[in-house]
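Quick notes on the structure that follows.
The values are calculated or read from the model by the stated rules, or taken from the named source; none is laboratory data. None of these values were measured; they are calculated from a predicted model. So basically every Cβ, Gly included, is an ideal-geometry build from the backbone, and we count neighbours across all protein chains shown.
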Amino acid sequence: MGSDDSPFDDVSADRDYLRVLLTAVCVVAVVLATATLPILAPGGTQSPMESLIPLPQENPFGEAGGTSTGGSGGQLGALNPGSQTDVGGSLDSGDSGDSPYQSQDTEPHFTVTSSEPAYWRTGAYETYTGTGWDGQADPQAYQGPMAVDGMADSTVDYEVQLAKSATSLPTVWRPKSVSRDDVMVTEYGAVTSERPLPAGTTYSATSVTPPDDPEVLRTSGRDYPADIESRYTGVPASTSAQVGPFTDRLTEDSDSPYQTAATIEQWLEANKNYSLNVSQPPEDDVASEFIFQMDKGYCEYFATSMVVMLRSQDIPARYVVGYSTGEQTGQNQYTVRGMNAHAWVEVYFEGVGWVKFDPTPGQERLASEQQAMQNSSQDYSAAESGSPDEEFAVGTPAGEPQTETPTDGGGQESGGDETEGTETGADGTGDSDGTGDSGDGQTVSQSGEFIVELNRTATPGAAVAATVTRDGAPVEGATVSFNGEPVGTTGPAGTVSGTVPYEAELTITVDVASDADPLIAPSVPRDSARSFAITGPQAQQSTNASYELNTTASVSITGEQVTGSEVTVTATVDGVPVRDGDVLLDGEQVATTDRQGRATVALPTKPGNVSVAVERDAVSGNTTVVLARLSVATSPSLPLALPVAGQTVNATMDGDPVTNATVTVGGEPTARTGAAGQATVGMPFAASAEISVSKYGQTATTTVGGLLVNAAGVVLSLGVLLAGTVVGARRRNVTPGTLWGWVRAARELAVGALVGVAVVADDLLGRFRTRLELTAAALRDLFTGHRSPAALLDALRAWISERFAAAEDAASDAVAAVSTTESNGGDGTPAARVTIREAWTRFLTHVSLRRYWTRTPGEIATHAIERDGLPPAAVRTVRDAFRAVEYGQRDPQEHVAAVEDAIRHIETAAGQQSSATDDTDDATEGRP
């Protein structure tokens, strides 16, 4: 006899275990392949099968969208904006379909962990074509941190994980650095990739946002860089002819680029409804069509129209695409979905840079997104900041709208915001040329009176034009003085220009050469009409006349208000810059404002409250800057702080996360905080560890103690547990040999389970292979003419009938088993199945394998035939019946007769072999 460990002479037990190991490795390989296939698939977003199935565009609201007529974007929507796009059309490579900015798809496109919410920008466009936008840009390889032009307000650190493949990486405007080296940067500030980055890609970035304080933006004039002005103020001549005159009238009371932008945005939000259900866009001029003909539209229409209207006023503006903020789904975490794809506007301000404006009605857009989420049985809440000084959220009531609508080619403009108290000038900065229309006041005069009329409300620092008339005729050659200082002599139109002094009162004096005495303006309240009368010699007794001025300055701070940082201070009075004003920090002068009322100052390096004031003569204003203190907190990664274990460090200032802070352990820098202000560091093998966080010139320190004490407690607890286990084992007579036996039993159980799985898989594969062979043979007979189609159909019907009959028999057997339990085995097993199992057990008594339970039925049968010499046919009958009944769940009754006959042959053969062996032994014993 051979070894009990193997049924073959050349096969050892080690090889059997190798087969089991190979099976396990194959299973692991299949699992890993399944998990990694979506990542490795082309495009990074679909499995191979999904890539072969076209996915239809869908809109939960059943709204129609436009179609593309040549856009070059890709199927990734706002994650792949391309170099050109049609307004109202699709970025789907020219294929018909809804625009991604019209989609209400709730599937996530990416997630962001950010120090503050923002719009996620993916592209910008320069040239308006009438039907869309063109932004051909030559991207350059990213070579490290990028220069940031213009004023800086705050720094945003964020981490992005893509859920869809992308060729344009969502960033906050203005990106400064990105963690990837394999990206490009366009001249419009978009970060792109030559090859699509797959879903699952993560990257971190840092951006510096421009200021969006209206007080700061109002002081910007029109002295634009030549390159900016030439590239971003052009529109087609036909568009300008229609849109220009209307926008001129709409913004005629706007005295600065900011006021012009705000007026245009307010008009669009008030006079156009937000809707995803719009008609096919026109083929020549989308902006004119939307402004003069359409009543509703979505972001593409609003953004395009605002850019065109701004450009008609020679204000640089551009069309921008990307995603709105999305839904906050965790602390500093935002989930951005397909429905958040959005388009907005960037307006260039002198000395500031490109600033975001969003003319799309925010409240209505968020309500549409909320409805889409509810249609998907999901809750949704969102809050966003669109244009400067604008915030909206789901559930926030909308403001009262304006109602005026223009007519084609010009129409009637709606009234702009009242501009009294706001400076005017040729460049919008207050450097007025002295011209301007009269105010809205009334003039009551009598014959012989002088009338002095200002073109705007008198404000300290404002350039005003004063017009002197008598009996309706301009007075030429009159000398006009402000607070006793002559500002000039009136010209043929009776007008002279001057700057209002930085005083509490303004006294206007008119001196006409033909008069014996000067004429003095009587006392006028500052909120009265801007026109007033000065009498001739009859009024010379009124010499103390004055005009009350507003002397309270508004002081704004732009930049990160943290210790040691540089910020920009802007001072204005009713929107007019306070020029050459002294800037004081806690009473100490540190700078002087420029012509735009701005000055750059460095904040103190110590936390606390800082008073920032601006003064010039009688005009003054102040604000308080709170410099928060850096704080650090720690928490163990495990239930207890232990040596070598991880510790989570959380850095905050006034409750807000502090990003990119340096974390030191025991004086050694070990990490930097991420977008959530957190970092994980390892603890040293010591009794305690000092952890410090440093940024903005501050250092916060904390100590994690009790490391060794906690470790000792853990070791002691484990020792007590082990001792208790040993004592309990001894009481139950559990010896090391018993434990080793349990280990071996567990191993053998695992091996048996794997072998069983392999046997079942082998049986199923065998059946499948047999069925394929039979099917192939039938088809071959059909094509060669050996079998007719009718015969093949008859065979198919017979096979189906046989399957149904087998199913009915199985069901009948199951029902019968319930009522005939007494005729079955003691455990309720059918008698036929018991017979098969008994036959298998009787067969095993004639097999020379002691550890037969580690072998498959096939291996046992092979051993019985080749090593024990049992009848091959009978052995195979018993083997096949046992397999069919135990593994294949076949009907045991159909095998009983054959198995009983086979086991009789096996036992007869085994008996004959035993008798022959006994005779041989007797003959040997009888020899001399």
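Selection of the stretch 447-457 for residues being touching a strand residue (DSSP E or B) at 6+ places or on another chain (Cβ under 6 Å) and either surrounded by fewer than 23 Cβ atoms within 10 Å (Cβ to Cβ) or over 26 Å from residue 618 (Cα atoms) (or both) yields 449, 450, 451, 453, 455.
Residues are listed down the side, and each one gets a yes or a no for (1) at pLDDT 90 or above; (2) over 30 Å from residue 377 (Cβ atoms):
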{"site": "74", "(1), (2)": "no, yes"}
{"site": "81", "(1), (2)": "no, yes"}
{"site": "91", "(1), (2)": "no, no"}
{"site": "126", "(1), (2)": "yes, yes"}
{"site": "146", "(1), (2)": "yes, yes"}
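Residues of the stretch 289-317 that are under 17 Å from residue 263 (Cα atoms) and basic (Lys, Arg): 311 alone. Using the structure shown, decide if residue 325 is modelled with pLDDT of 95 or more, surrounded by fewer than 24 Cβ atoms within 10 Å (Cβ to Cβ) and under 15 Å from residue 122 (Cβ atoms). Taking the combined requirement at face value, the residue satisfies it. Within the stretch 821-857, if we keep just the residues that are at pLDDT below 80 and hydrophobic (A, V, I, L, M, F, W, C), the residue that is surrounded by the fewest Cβ atoms within 10 Å (Cβ to Cβ) turns out to be 853.
Checking every residue in the stretch 846-867 against the condition of being in contact with a Lys or Arg (Cβ under 9 Å, 6 or more places away or on another chain), farther than 27 Å from residue 749 by Cβ and of a type outside the set (Asp, Glu) gives at least one match. If you take just the strands (runs of 3 or more DSSP E) that sit entirely in the stretch 565-648, which of them hold at least 1 residues that are on the phi < 0 side of the Ramachandran plot and more than 35 Å from the chain's Cα centre (by Cα)? Strands (runs of 3 or more DSSP E) meeting the threshold: 566-573, 582-585, 588-592, 598-602, 608-616, 619-627.
A quick yes/no check of all residues on (1) surrounded by fewer than 21 Cβ atoms within 10 Å (Cβ to Cβ); (2) of a type in the set (Gly, Ala, Ser); (3) more than 15 Å from residue 837 (Cα to Cα); (4) not assigned by TED's automatic domain parsing to the domain that holds residue 847:
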| position | (1), (2), (3), (4) |
| --- | --- |
| 874 | no, yes, yes, no |
| 880 | yes, no, no, no |
| 897 | yes, yes, no, no |
| 905 | yes, no, yes, no |
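Of the residues screened, residue 710 is one that is more than 30 Å from residue 116 (Cβ to Cβ), touching a residue at least 60 places away in the same chain (Cβ under 8 Å) and among the polar types (S, T, N, Q).
Listed by position, the strands (runs of 3 or more DSSP E) enclosed by the stretch 103-192 that each have at least 1 residues that are among the acidic types (Asp, Glu), touching a residue at least 40 places away in the same chain (Cβ under 8 Å) and touching a Gly at 6+ places or on another chain (Cβ under 8 Å) are 154-162.
For the stretch 229-258, filtering for residues that are buried (at least 20 other Cβ atoms within 10 Å of the Cβ) and either of a type in the set (Val, Ile, Thr) or under 15 Å from residue 358 (Cα atoms) (or both) leaves 6. Just one of the listed residues (381, 377) is hydroxyl-bearing (Ser, Thr, Tyr), surrounded by fewer than 23 Cβ atoms within 10 Å (Cβ to Cβ), assigned to a loop (DSSP other than H, G, I, E, B) and free of Cβ contacts under 8 Å to residues at least 24 places away in the same chain, namely 377.
Any idea which residue in the stretch 93-111 is nearest to residue 368 (Cα to Cα), counting only those that are crowded, with 24+ Cβ neighbours inside 10 Å and modelled with pLDDT of 95 or more? Only one residue tops the list, namely 109.
Annotation note: Cβ proximity below 7 Å between a residue of the stretch 752-774 that is touching a residue at least 12 places away in the same chain (Cβ under 8 Å) and closer than 27 Å to residue 853 by Cα and a residue that is aliphatic (A, V, I, L, M) and assigned to a helix (DSSP H, G or I) (sequence gap 6+ or interchain) occurs for 754/20; 754/24; 755/20.
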